[in-house]
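Peer 1: What follows is a single structure, and I will ask about it in a moment.
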Amino acid sequence: MVAKPLMTTVSDDIPACAGCGQCCHLLVELAPLVDDVPEEMVVEHAGVRCMDQHGDGACVALDPLSRLCTIYERRPQVCRDFQRAEVLCRRAIGRGYGPAASPALGSHPEA
Ligand code: SF4
Ligand code: SF4
């Protein structure tokens, strides 16, 4: 499968998305009747379908070498909506999130 970068726009103080992938360590909740990701990449947390994660919090769809999404064409809506250089991007870059500390992208956590 061909992977594509999430976004490529350059900003003054934010790295290019290609090769970053820090936001792909946040918990991604799937939208019922909207998202259509490979079922083997899905887990349930308290009845909520989410993208599965590795022990370091990385989404299982994130290529560990290129740090690009391997299901780019089928990525969840919340991943499509994620905005580079906004609050969650800056938080993701500023600190590492493991599964226990991860805010959920689908629940739109406050800054
Ligand atoms: S954390 Fe920000 S810069 Fe890094 S991949 Fe995500 S949106 Fe792009
Ligand atoms: S589905 Fe793709 S874009 Fe979304 S968190 Fe996983 S690797 Fe990142």
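Peer 1: What residues qualify as long-range amide H neighbours of Ser66, i.e. H under 5 Å apart, gap of 5 or more or another chain, H built at 1.01 Å from N?
Peer 2: For Ser66, no residues qualify.
Peer 1: Let me ask another. With the Cα gyration tensor of region 22-97 giving a ≥ b ≥ c as the square roots of its eigenvalues, does the rule (a/c under 1.5 for rounded; else a/b larger than b/c for prolate; else oblate) give rounded, prolate or oblate? Working shown, then result.
Peer 2: Details: a/c = 1.45, a/b = 1.37, b/c = 1.06.
Note, shape of region 22-97 comes out rounded.
No lab work stands behind these numbers, since they all come straight from the coordinates. Note that the structure is a prediction, hence the values are computed from the model and not measured.
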